[in-house]
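To start, the structure itself, in structure tokens.
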Amino acid sequence: MNKVMHFEIVAIDPLRAIDFYTKVFDWKFEKWEDSGDMEYWMVLTVPRGTPGAINGGLRREMGTDVKERTKSVNSFVCTIVVEDIDDILAKVTANGGEILSPKELTPKVGWIAYCLDSEGNVFSVLLPQM
């Protein structure tokens with residue numbers, strides 16, 4: 001089985017990123033005290049033990065300019081399923097994020113939009129078609 005089991009958000013300012021994701025998605029963050037010298041927080045998108053759920057982590061960016069240092073890094077774009085895409089997009093912009101592409105309907109999938117978080121990371125939000 002080769003399923004995704006953890007994601008990681010990289011942040012220049014971890015507290016700013018925590019504020020962004022808390023206000024936009026109501027995620028919970030727990031400082032990982034046993035992470036050694038690395039600043040690391042566990043990201044709870046849902047309660048621990050929720051079947052099929054993926055939770056993650058957040059860490060401080062290791063360089064001084066994340067956009068310059070990581071502009072050639074390839075990564076996965078995480079898609080977050082939401083109940084109200086318009087509400088979430090309003091929260092993204094109200095909390096220091098940016099909408100990269102407005103919502104558009106993908107037939108048989110739902111409404112999707114791509115965004116930047118407060119740290120310049122790309123993610124998408126999806127309101128599935130029911």
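No lab work stands behind these numbers, since they all come straight from the coordinates. Everything numeric in this text was worked out from a predicted model, so none of it was measured. So basically every Cβ, Gly included, is an ideal-geometry build from the backbone, and we count neighbours across all protein chains shown.
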Checklist outcome for this item: By the mean-Cβ-within-10 Å protection proxy, highest first, 49-56, 81-88 rank as 81-88, 49-56
Item to check | Loop-resident sites, region 4-54, for GluC sites (Glu not before Pro), counting at most 15 other Cβ within 10 Å (DSSP) | outcome: Glu33, Glu39
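Given Lys31/Lys91; Lys28/Lys108; Lys31/Lys103, which pairs have Cα atoms separated by over 28 Å? The partial results should precede the final answer.
Values: Lys31/Lys91 24 Å; Lys28/Lys108 31 Å; Lys31/Lys103 33 Å.
Checking Cα-Cα distances, Lys28/Lys108; Lys31/Lys103 exceed 28 Å.
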